[in-house]
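The structure appears below as structure tokens.
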Amino acid sequence: MERKKLLAGIALVVGLCFLSVPVFSGGGQEAEKIEIRCYWWGDGEAPGMAAWMKESTELYQQQNPNITVEAPEIPIEDLFTVWKAELAAGTPPDIQLFGRQQGMDGSEAGNIVPVDEYWSEEELAHISPPARRELSWDGHTWLVPLYGGAWLTVLNPKIYREVGLNPDSPPQQWNDFVSALEKLDTGGFTPFSCGFKDGYMGVWWACLVGIQNLDDMSDLHEAVMGIQHFTDPKHSNFWYRIEELINKGLFNEDAASVGFAEGNDKYLNGKVGMVFAVQSMVNGYIKELGEDSVSVMISPTPPNPGKLAGRMPFYTMPLGIAKLSKHPETAADFLRYLHSEERIAAMYKQSGAIQASDKVSLDIMTSADKLMAKWVVEVPNYTYNEHYVPQIESEVWASAQLLSIGDISAAEAAQRYEDAAVKWRREFPEALERFKRIAAEWKKDADKYK
Amino acid sequence: MPKLSIMNRFASNPLLRGSRFSLKPFTYLLPAFLVIGFIYFYPVVEVCRFSLLDFLKTPRQFVGLRNYRLVFQDERFFQSLYHNILLLMNVPVMTLIALVLAVVINDHVHGWKVYRSLVLTPYVIPIVAIGFAMSNFFSLNGGFNQILTLVGLGFIKKQWIVDPSWALPTISAVIIWRQTGFGVILFLARLSSMSEGIIEAARIDGAGWWRRFGKIIIPELGTVIEFFVTLNIIVMLSQIFAFIFVMTNGGPGYKTWITEFYIYKEAFHYNRMGHATVAAVILLIITIIFIVISYRFREKLAEEY
Amino acid sequence: MRINIKSAFGYGVKQLLLLFMAVVTCYPIYYIFTNALKSRSAYADNPLSLPPSLVFANFSQIFTTPNFLRWFYNSLLLTATTVVICLFISALASYALSKMYFPGKKLLINSSIALMVIPTIVMIIPLFVLMARVRLVNTYPSAIIVYIGMFLPFSMYLLRSFFVTIPQPLIDSALIDGCGSFGIFLRIMLPLSKPILLSMFVVCSLYVWNELLVALIFLQREKLRTLMVGLALFHGRFSINIPLIMSGMAVATAPMLILYIFAQRYLVQGLIAGSLAGQ
């Protein structure tokens, strides 16, 4: 009798464990309806994106009652880890935020299907050419943008005028840029604010300033492959530029102590002269400080510029369709919906983010955005960090942290960057082969996406 | 005849018969040991097995000691181990502070009960909360530098949490802050159960505070001190991931990487399972070595006292 | 009454020391709670001071932050489930280990103590790989079973040392009365162990609530995160609001503080018993 009670007790406990599997598992699926998941990120960068995405999923579901779309936002640093975990479990999301990096090192080869299997060439042609070029490799266009963003430098016209600078002709050349910062410094303002604690700023400097020393992204490819070196002047210049500003005390005092977000956030206290930003952040600043405290310029051109100087990097947050998706056509259709004129206009209105498509309507834009949209068409540039591999990028973070605190010199930072590339080539020979192949294709495609 | 019927009851009840092979213990032990087998034995075996495989290929290939070779060439791994060893220096500091505090509280000055309650509070605060607050506190314009300025020591202001030389010590300070309280209440418990007579006798004999402390209290507390030390050696080796993750995420550079963090990053960020499992095996071996050493030490202590 | 200068000095030193300890102990907690009640500009002006004016907006904002309440619920669920299941099965096992005779008993006891030293990260990797393969990652049971497993050795050790102290005659007389083994468990062992079970409850809850690594790896999806993981990963990439995050930390800390205030005795007993039981 007692044994039965005991066994019953154990069975109860074990049963509880098994019961919690279906009861507590996230999201039970019903077989008849179509359900797609989309893992993305963007609200941190463009506040309002989450609301726009929610509205988009709701409207799409209204138009297609048998389809359910789940689109949770995942923090950017977890996006890839979460993808990997779910891929390992065999249940990846149908749509995932990727980047060209994954194409170049082939880490996701075989895990995604190209969008051009579901979108017509006509539909794809709307995507801005430099963006489209970055989303294509191996003869296919694999990804489409969730949204696009301009990457540039922000300056505070009010503060500029106070120290006797002219905000309407911003300091484009490096020497002018440094003198402007020095004037801001003597004027009692924080000349340039950024945060190095988490290391992202290192990549930003490479992407906004460093890229202007190159003639084409092939230069970067060749440094990754070992034909050029990250210690060469054109590849290491940006480290020296950071070091110069640190030595002259032109950053905020606690640049090493604060993270990226905090560093940029200081612009809002109204005492900072200049800052790096993406287009959506600009709109955030305008909302808080007003248009007369926010103006944009293409990022300063460093000494010894290459052919990519004076151009504005325009990046996209690309979405791709998982190969293991059970409903790729539906996923592609949802993406198509997100690229409809109405949705593109709504995205701009709600979040200020610009789609990398010629379907954007310029008339609803702010003056700063109009400038950026103009630069995207007239002087577009690529995005530096889509053209190397993640293992090397993490070294840029680490070196930026140490450089900012004064533990290493710019020369050492460049050397560490180079060492990371050497290490990657040695440890991942297969990925290197793939990288070489795609880099060669890039060089050939120069004319295809004019 | 009552006695006989009781004897019969004894005889007929298998439990009372003291049957050595009764099924009963099995059912009681099963759930717990099933879980233990699954959570402890299976992973330890698998980790060793994984360290000999190449995870990038499907199916995973046996590559012998290749992963070990790669890890032993990895500077970051040795840096991580080194940082763990540096953190071991926290243990004597914590133990000493805990001893002093415990003895002082045991002297029952006014309010000792309040102090006794306060001292364990850091232990219940989530590491995530205190880690975030402290990394803030130790940033350039955070509270700590402000306090330094207030007391006139402003010239030693630093960016504590991101300074390559000070990041690890700063984290150490937070670890010590959190773990010491546990030692205090541990020592207190033993102190209060110690015979009052010994301490009183020494006091009457004119032994000073320090001599009482050194010659009487510490030997009496010997085994408890040894336990606390062992426990915290384990903590410094393998239970401080949360501190690093929340306060510095390994930075600046790789200056606050520890072995747990190395394993985590290699497994989940760099996707190098081989590296991660090798490091895990080595961490396991090091932990076992320390345990064996402390066990021998404890036996020796037991012999002497 | 003679005032012994030396002992008065000693007394003063002790009080000063303890006072210093009290300040150092409480200051970080004060830091969290006061900064949670400040506005962004008040925090930027002076992170050390008391709030110039109490700002409760941070708390209302954190509670309406997407998924925050969800994280809180997840932490509660995981803690409650782990504690209940773990206590039950460890009590069963400890009962057998303390009051029953069978071969290999000593071995089991010693091996389960030895398990406590195995580093968590070592266990997690193969478990994660296995769970990923059987699609149990991002489900509650994956984390729950790991937590149960991790707390079992300590729990069994403690309960066993306590059960051993329950007088054998008590059990014998119950046996004579015809009570079976499970009946003894329910009617004698458990009721007598209320204080130690309560201690285990408190220690286990503390452990699971505060835990980060296991939850970080097994519960990655936003909606499944525990409070600790949600807060640790809570940083909008392009904007940051320290007082807001502090309020989140305060909310995460409060339950443990409350538990400590009400159940301090049991917590201390649980922590100490584990350490001193074998001494």
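The values are calculated or read from the model by the stated rules, or taken from the named source; none is laboratory data. Every value quoted in this text rests on a predicted model; they were computed, and no experiment measured them. Every residue, glycine as well, gets a Cβ built from its backbone with ideal geometry; the counts of neighbours run over all protein chains shown.
Worth pointing out:
Condition check ((1) within 7 Å of another protein chain (Cβ to nearest Cβ); (2) surrounded by fewer than 23 Cβ atoms within 10 Å (Cβ to Cβ)) across all residues:
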position	(1), (2)
C:Ile196	no, yes
C:Val203	no, no
C:Leu212	yes, yes
C:Leu233	yes, yes
C:Ile242	yes, yes
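- Some residue of the stretch B:103-118 being out of contact with any His (no Cβ under 7 Å at 6 or more places or on another chain), under 27 Å from C:Leu37 (Cα atoms) and polar (S, T, N, Q): yes
- Helices (runs of 4 or more DSSP H) completely within the stretch B:1-68 that count 2 or more residues being surrounded by 15 or more Cβ atoms within 10 Å (Cβ to Cβ) and modelled with pLDDT under 90: B:24-36
- Residues (in contact with a helix residue (DSSP H, G or I) (Cβ under 6 Å, 6 or more places away or on another chain) and surrounded by fewer than 15 Cβ atoms within 10 Å (Cβ to Cβ)) located in the stretch C:1-32: none
Residues are listed down the side, and each one gets a yes or a no for (1) under 20 Å from B:Ile244 (Cβ atoms); (2) part of a helix (DSSP H, G or I); (3) at pLDDT below 90; (4) in contact with a Leu (Cβ under 9 Å, 6 or more places away or on another chain):
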| residue | (1), (2), (3), (4) |
| --- | --- |
| C:Ile188 | no, yes, yes, yes |
| C:Pro191 | no, yes, yes, no |
| C:Leu197 | no, yes, no, yes |
| C:Val202 | no, yes, no, yes |
| C:Leu206 | no, yes, no, yes |
| C:Ala215 | yes, yes, no, yes |
| C:Val229 | yes, yes, no, yes |
| C:His235 | yes, no, yes, no |
| C:Phe238 | no, no, yes, no |
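- Qualifying residue in the stretch B:157-169 (condition: small (Gly, Ala, Ser), assigned by TED's automatic domain parsing to the domain that holds B:Ile97 and within 23 Å of B:Gly251 (Cβ to Cβ)): yes
- Members of the stretch C:118-137 found to be surrounded by fewer than 24 Cβ atoms within 10 Å (Cβ to Cβ) and away from chain B (no Cβ under 11 Å), listed by number: C:Ala132, C:Arg133, C:Val134, C:Arg135, C:Leu136
- Checked against the criterion of being in contact (Cβ under 8 Å) with a residue 40 or more places away in the chain, under 30 Å from A:Met201 (Cβ atoms) and away from chain A (no Cβ under 14 Å), the candidates C:Met256, C:Met246, C:Met228 yield just one match: C:Met228.
- B:Ala98 satisfies every condition listed in (1) more than 14 Å from chain A (Cβ to nearest Cβ); (2) out of contact with any Ser or Thr (no Cβ under 8 Å at 6 or more places or on another chain); (3) surrounded by 24 or more Cβ atoms within 10 Å (Cβ to Cβ) except (2).
- Residue ID - surrounded by the fewest Cβ atoms within 10 Å (Cβ to Cβ), chosen from residues in the stretch B:136-160 that are within 9 Å of another protein chain (Cβ to nearest Cβ) and assigned to a helix (DSSP H, G or I): B:Leu150
- The stretch A:289-345 - residue that is within 30 Å of A:Lys359 (Cβ to Cβ) and in contact with a Gly (Cβ under 7 Å, 6 or more places away or on another chain) and, of those, surrounded by the fewest Cβ atoms within 10 Å (Cβ to Cβ): A:Lys323
- Residue list for the stretch A:211-248, filter: more than 20 Å from A:Gly310 (Cβ to Cβ) and either in a loop (DSSP other than H, G, I, E, B) or not assigned by TED's automatic domain parsing to the domain that holds A:Asp407 (or both): A:Gly226, A:Ile227, A:Gln228, A:His229, A:Phe230, A:Thr231, A:Asp232, A:Lys248
- Single condition A:Lys84 does not satisfy, out of (1) closer than 17 Å to A:Leu338 by Cα; (2) surrounded by 19 or more Cβ atoms within 10 Å (Cβ to Cβ): (1)
- Neighbours by Cβ (under 7 Å, 6+ apart or cross-chain): first from the stretch A:323-352, in the same structural domain as A:Ser128 (by TED's automatic domain parsing) and closer than 27 Å to A:Met281 by Cβ; second exposed (fewer than 15 other Cβ atoms within 10 Å of the Cβ) and small (Gly, Ala, Ser): A:Ala345/A:Ser361; A:Gln350/A:Ala51
- Residue match in the stretch C:39-47 (condition: at the interface with chain B (Cβ under 10 Å from one of its Cβ atoms), assigned to a helix (DSSP H, G or I) and surrounded by 13 or more Cβ atoms within 10 Å (Cβ to Cβ)): yes
- The set of residues in the stretch B:274-293 being out of contact with any strand residue (DSSP E or B) (no Cβ under 8 Å at 6 or more places or on another chain) and within 13 Å of chain A (Cβ to nearest Cβ) consists of B:His275 alone.
- B:Trp160, sole failed condition from (1) closer than 30 Å to C:Phe262 by Cα; (2) modelled with pLDDT of 90 or more; (3) not aliphatic (A, V, I, L, M): (1)
- Scanning the stretch A:239-261 for residues that are within 9 Å of chain B (Cβ to nearest Cβ) and acidic (Asp, Glu) yields a count of 2.
- Residue satisfying condition, being surrounded by 21 or more Cβ atoms within 10 Å (Cβ to Cβ), of a type in the set (Ser, Thr, Tyr) and under 25 Å from C:Leu267 (Cα atoms), within set B:Thr180, B:Thr170: B:Thr180
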